[in-house]
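Below is one structure, written out as structure tokens; comments come after it.
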Amino acid sequence: MRGNFAMVLAVGVAAGAALLMWDDGTGDDRSGFIKSGTGDADPDGTVSEGGDQSKLRVPNPGPSDIDRSRETASPGAAAVISKVRTHLNSKRPDRAAAEILKADAGVLADDVLRREVFRTATALRAAAPRATGDIGTRRLLEARKLYAALYDCEASTTSELEAAFTASGELHRSLVTSAAAPDALVMRHRFKSGENLWTLRHGPWKTAGISVASGFVLRVNGLTDARRIRAGQTLRIPRESLSLLIRKDRFEATLLLGGSPVARFPVGLGTDDCTPAGHFKIETKLRKPTWFFNGRLIPYGDPKNVIGTRWMGFSDTESAQGIGIHGTSDESTVGTAASLGCIRMRQVDVESLFEWVPRGCEVEIR
């Protein structure tokens, strides 16, 4: 393991903090982030999509993956598959989901079982509109957990990963960004004259245990500029926490809401596998950061400052100091192992992520 990595110093931190809520930072949305219904929002920021699951497309892995799958399950997965099929035949996808979620995660390496997981998630989504009370929401949350497990599984094929990511996004639209999103998952706040997102986030939202950043609240509500929020407008604020998963084998950072993927970005990593694995927290967030490297302070804007427009520094551990996420002056290195150990992102991506994640956000590098 290398010693200290690139270190970043604050320049104009107070000014940056004061302006945080006014910058949308969304740029060119190439992340696959949750879309607001058809991609448009009503004039008051209300998402143009209801909670009718029958209108949601249910993705499944492509035929090429099905053809390559084994028709005989591995011994470890066979018992789980038998129980899952029994419950699905009895029209009890909730019990099938319970069997999958309580099983050892390693059984998802079985191709046949992953196909049954997709079938179970599809059945849960089909059952949700017919359910009464909060049962429909529970079915959708169970389906979202299944898609999250498939997306997390190292054995999932490319087609399965795409299907699970797409399905998770569709469920987020129903559960979080839709006007019909359940109160269990979102807090609704009617904006008053004189209020702003910064004071709300550090006041009533914090008291309610909500930690998402102001920029993420804007995104969920189909908004790009906090200054355009009008008195009387109702905002939906996600109650679930955000976290980041950085997969070194995929050169990918995934933003998770409630443990389920909502956005993903290509990243660059350290040479010689020097980016450390482990659990961290985002401790500092800086705009236009100065870079401290080889005993020198390299100001933002200097051609030799390679860390771009944003810095999100991780909490130090015994084995890793000075690690963080930043932009890069050479975007061709994103998707490669070229850094001193930090995580590199394209400028448009790091500026978006900077607005969405709060300080204290959990980060897992795997």
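The values are calculated or read from the model by the stated rules, or taken from the named source; none is laboratory data. Just so it is clear, the structure is predicted and the values come from calculations on it, not from any experiment. Ideal geometry is used to build each Cβ from the backbone, glycine not excepted, and the neighbour counts take in all protein chains shown.
Structure above, values below:
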| item | result |
| --- | --- |
| Number of positions in the range 243-284 that are among the small types (Gly, Ala, Ser), part of a strand (DSSP E or B) and within 26 Å of ALA163 (Cβ to Cβ) | 4 |
| Residue match in the range 301-323 (condition: surrounded by 16 or more Cβ atoms within 10 Å (Cβ to Cβ), touching a Cys at 6+ places or on another chain (Cβ under 8 Å) and either part of a strand (DSSP E or B) or not assigned by TED's automatic domain parsing to the domain that holds PRO358 (or both)) | no |
| Residues (farther than 16 Å from ILE246 by Cα and either of a type in the set (Asp, Glu) or free of Cβ contacts under 8 Å to residues at least 24 places away in the same chain (or both)) located in the range 315-364 | ASP316, GLU318, ASP330, GLU331, SER332, GLU351, GLU355 |
| Which numbered condition GLN233 fails, given (1) under 20 Å from the mean Cα position of the chain (by Cα); (2) surrounded by fewer than 19 Cβ atoms within 10 Å (Cβ to Cβ) | (1) |
| Matching residues, the range 73-106, being hydrophobic (A, V, I, L, M, F, W, C) and either in a loop (DSSP other than H, G, I, E, B) or more than 15 Å from TYR147 (Cα to Cα) (or both) | ALA73, ALA77, ALA78, ALA79, VAL80, ILE81, VAL84, LEU88, ALA103 |
| Pick from the range 173-215, criterion more than 19 Å from the chain's Cα centre (by Cα) and among the polar types (S, T, N, Q), ranking: nearest to GLY360 (Cα to Cα) | THR207 |
| Selection count where residues are among the basic types (Lys, Arg) and within 11 Å of HIS326 (Cα to Cα), scope the range 281-310 | 4 |
| Some residue of the range 143-150 being touching a Lys or Arg at 6+ places or on another chain (Cβ under 7 Å) and either assigned to a loop (DSSP other than H, G, I, E, B) or closer than 24 Å to LYS248 by Cβ (or both) | yes |
| Residue list for the range 181-204, restricted to those being closer than 11 Å to ARG236 by Cα and touching a residue at least 12 places away in the same chain (Cβ under 8 Å) | ALA181, PRO182, LEU185, VAL186, MET187, ARG188, HIS189, ARG190, PHE191 |
| Of residues in the range 259-280 being at pLDDT 95 or above and touching a Leu at 6+ places or on another chain (Cβ under 8 Å), the one surrounded by the fewest Cβ atoms within 10 Å (Cβ to Cβ) | ARG264 |
| Residues (over 26 Å from the mean Cα position of the chain (by Cα) and under 17 Å from ALA73 (Cβ atoms)) located in the range 97-142 | VAL112 |
| Residue in the range 184-200 that is small (Gly, Ala, Ser), within 23 Å of ASP134 (Cβ to Cβ) and surrounded by fewer than 19 Cβ atoms within 10 Å (Cβ to Cβ) present | yes |
| Pairs, first at pLDDT 95 or above in the range 137-158, second of a type in the set (Phe, Trp, Tyr) and assigned to a helix (DSSP H, G or I), C-beta under 7 Å, six or more apart | TYR151/PHE165 |
| Residue match in the range 44-64 (condition: among the hydroxyl-bearing types (Ser, Thr, Tyr) and modelled with pLDDT of 95 or more) | no |
